[in-house]
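Step one of this worksheet: look at the structure below.
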Amino acid sequence: MTQIFDDAGVVHPVTVIKTSPLVVTQVKNVEKDGYTAVQVGYGTRRAKNINKPETGQMKGGSYAHLKEFRVEGAPTFAIGDTIDLSTFSAGDTVTVSSISKGKGFQGVVKRHGFHGGPRSHGQKHSEREPGSIGGAGRDGGRVAKGKRMAGRMGSDRITTKNLTIVAINPENQEIFIRGAIAGRRGTLVEINAE
């Protein structure tokens, strides 16, 4: 993240996203596939690391990622077409999806915001423990489904809507989106126009 100033001198906190053109690898239609969609390839991968079925799927390309997007009506794309930053412009509202940072196995204080036990007399090692989890009564002598407990945290697909594109830098293939976007540096980000 960084900050940039607009023409009025107002500062905007932005996330800088590095992009490269998407290449259309497959076009699906209702007659053959039952629905309409466009499959695109992104990034590059060494050809020796791609097996023959993947090579056929990529139409001879060597893309690091393949992604399919549903489209309304008949697709206007053809195999080999490229989709670049010219699709977007400053001021557009977009929806951004990405995988959040993985945090491993975490306790209830970090994962769910529990307060823990009192830090006073009579407590030995229960400062960050979850406390009672029910057990009897309405739970029927079992742990109820959805009970907030310790466990794996992060690595979730996070979708943020109504984000604004502040600026686009076509020379460096960069797009500046106002606000924070889930994930670490290097996370693959999906940007959809609204």
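Tell me which residues, restricted to the range 148-173, are of a type in the set (Asp, Glu) and more than 22 Å from the chain's Cα centre (by Cα).
GLU171
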Those residues of the range 71-96 which are exposed (fewer than 13 other Cβ atoms within 10 Å of the Cβ) and either of a type in the set (A, V, I, L, M) or under 25 Å from THR55 (Cβ atoms) (or both) amount to ALA74, ALA78, ILE79, GLY80, THR82, ASP84, ALA90
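Against the condition under 24 Å from VAL71 (Cβ atoms), assigned by TED's automatic domain parsing to the domain that holds VAL109 and in contact with a strand residue (DSSP E or B) (Cβ under 6 Å, 6 or more places away or on another chain), how does GLU174 come out, does it pass?
Working: under 24 Å from VAL71 (Cβ atoms): no; assigned by TED's automatic domain parsing to the domain that holds VAL109: yes; in contact with a strand residue (DSSP E or B) (Cβ under 6 Å, 6 or more places away or on another chain): yes.
It is false that GLU174 is under 24 Å from VAL71 (Cβ atoms), assigned by TED's automatic domain parsing to the domain that holds VAL109 and in contact with a strand residue (DSSP E or B) (Cβ under 6 Å, 6 or more places away or on another chain).
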Can you run down the residue pairs with Cβ atoms below 9 Å, 6 or more apart or on separate chains, where the first is in the range 31-51 and among the charged types (D, E, K, R) and the partner is surrounded by 10 or more Cβ atoms within 10 Å (Cβ to Cβ) and assigned to a loop (DSSP other than H, G, I, E, B)?
ARG45/SER62; ARG45/TYR63; ARG45/ALA64; ARG46/SER62
Tell me, which residue of the range 14-50 that is over 29 Å from PRO170 (Cβ atoms) and of a type in the set (Ser, Thr, Tyr) is surrounded by the fewest Cβ atoms within 10 Å (Cβ to Cβ)?
TYR35
Scan the range 24-60 for residues that are farther than 25 Å from ALA167 by Cβ and either assigned by TED's automatic domain parsing to the domain that holds VAL189 or of a type in the set (A, V, I, L, M, F, W, C) (or both) and report the count.
8
I'd like to check which strands (runs of 3 or more DSSP E) are fully inside the range 138-194 and have at least 2 residues that are of a type in the set (Gly, Ala, Ser) and touching a residue at least 40 places away in the same chain (Cβ under 8 Å).
151-154
Residue tally, condition surrounded by 12 or more Cβ atoms within 10 Å (Cβ to Cβ) and farther than 30 Å from ALA182 by Cα, over the range 97-126:
3
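Quick check on the range 121-137. Is at least one of its residues in contact with a helix residue (DSSP H, G or I) (Cβ under 6 Å, 6 or more places away or on another chain) and touching a residue at least 24 places away in the same chain (Cβ under 8 Å)?
Filtering the range 121-137 for residues in contact with a helix residue (DSSP H, G or I) (Cβ under 6 Å, 6 or more places away or on another chain) gives 128, 130.
Subset that is touching a residue at least 24 places away in the same chain (Cβ under 8 Å): none.
Among the residues of the range 121-137, not one is in contact with a helix residue (DSSP H, G or I) (Cβ under 6 Å, 6 or more places away or on another chain) and touching a residue at least 24 places away in the same chain (Cβ under 8 Å), which makes the answer no.
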Tell me whether the range 95-114 contains one or more residues that are among the polar types (S, T, N, Q), more than 23 Å from the chain's Cα centre (by Cα) and more than 25 Å from THR19 (Cα to Cα).
no
Might you check whether a residue that is among the polar types (S, T, N, Q), within 30 Å of GLY43 (Cβ to Cβ) and at pLDDT 95 or above occurs anywhere in the range 173-180?
no
Mind telling me which of the residues ALA150, ALA136 ends up being among the hydrophobic types (A, V, I, L, M, F, W, C) and either exposed (fewer than 13 other Cβ atoms within 10 Å of the Cβ) or more than 30 Å from THR187 (Cα to Cα) (or both)?
ALA136
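The values are calculated or read from the model by the stated rules, or taken from the named source; none is laboratory data. Computed from a predicted structure; not experimentally measured. Here Cβ is always computed from backbone atoms with ideal geometry, including for glycine, and neighbour counts include all displayed protein chains.
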